[in-house]
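These notes are about the structure you will find just below.
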Amino acid sequence: MPDRGKVYSKEQLQEMQVFYRYTDVDGDGIPYRTLPGVHPKGAYFVRGSGHSRRGAYTEDAAEYQDVLDRLRKKSETAKTLVPAAVVKAKKGVKVGIVSIGSCDGAVKEALDILGRQGTDMDYLRIRAFPFGKEIEDFLDKHERIFVVEQNRDAQLKSLLLIETQVDRRKLHSILHYDGMPIDCRCIVEGVAQALSKGAAA
């Protein structure tokens, strides 16, 4: 069994009869790869359209579905391997902020300001996709969730709605997309405005 992080070594390639690029040998949905030039058996050619688990072109419906089913399993496995989200939570707090990437500093500063103003909030910083279980847990435990992102179209919120079972009425977008780096003011103001109106969507 391969033991080099999903990459076959020269020696492993020498020992096998043939290498199939899309065969799931260990059942986690993630086929093993090879490094270019390591061994002639590691070379492969596939086309971008429908192919079988052996990498051959196919228009067979069952083979095509087999590959798509493997990709679903691959995504489920990936959820356990990607970097986990960072969760900062206090007992009993029912309002949270979810954000990503370069919003982190502004969110932390906003949380500090809001806390001093009497509004305690939990924080979930997403670090990878597909979403792990800790993200679903955070969404389940909070009654109102502010999704902070530097994006006009609320793509993070859209992904949360597509990929989790969250009640869409819980989510409230705070969007920053004027071309300047996000700062804490828009977050503090957005949270305060929404809470004063009782907004939850």
The answer for trypsin sites (Lys or Arg not before Pro) in region 63-127 that fall in a DSSP coil and have at most 10 neighbouring Cβ atoms within 10 Å is Lys90, Lys91
Å³ per residue of the Cα convex hull, for region 1-136?
163 Å³
Under the 7 Å Cα-to-Cβ spin-label approximation, Glu15 and Gln65 lie apart by a distance in nanometres of 3.6 nm
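From the cross-link list Lys91/Lys170; Lys6/Lys88; Lys10/Lys73; Lys94/Lys133; Lys90/Lys133; Lys41/Lys79, which pairs have alpha carbons spaced over 21 Å apart?
Values: Lys91/Lys170 19 Å; Lys6/Lys88 33 Å; Lys10/Lys73 27 Å; Lys94/Lys133 19 Å; Lys90/Lys133 19 Å; Lys41/Lys79 31 Å.
Over 21 Å Cα-Cα: Lys6/Lys88; Lys10/Lys73; Lys41/Lys79.
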Within straight-line cross-link reach of Lys197, aspartates and glutamates at Cα separation under 17 Å, skipping those fewer than 8 residues along the same chain
Glu143, Glu189
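Helices from the chain with mean Kyte-Doolittle at least 0.5 and a Cα length along the axis of 15 Å or more, per DSSP H: which? Before the final figure, lay out the partial values.
Details: long enough: 61-79 (28 Å, -1.25); 104-116 (18 Å, 0.02); 184-197 (20 Å, 0.62).
Helices passing the filter in the chain: 184-197.
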Treating only the Cα positions of region 10-79 as identical point scatterers, give the base-10 log of I(q)/I(0) from the Debye formula at each q in 0.13, 0.14, 0.28 Å⁻¹.
-0.40, -0.47, -1.23
Could you tally the net charge around Arg169, taking each other residue with its Cβ under 12 Å from the Cβ of Arg169, Lys/Arg +1 and Asp/Glu -1?
+1
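What Kirkwood radius, in Å to one decimal, follows from the Cα pairs of region 86-197? List each step's numbers first, then the result.
Values: mean 1/r = 0.0717 Å⁻¹.
In region 86-197 this quantity evaluates to 13.9 Å.
Could you work out the local net charge near Lys108, counting Lys and Arg as +1, Asp and Glu as -1, over the other residues with Cβ closer than 10 Å to its Cβ?
Details: positive: Lys88, Arg125; negative: Asp104, Glu109, Asp112.
That sum, taken over residues with Cβ under 10 Å, equals -1.
Values quoted throughout were computed directly from the atomic coordinates according to the rules given, and no laboratory measurement underlies them. Everything quoted here is computed from the prediction, not taken from an experiment. Methodologically, a virtual Cβ is constructed for each residue, glycine included, from the backbone with ideal geometry; neighbour enumeration extends over all protein chains shown.
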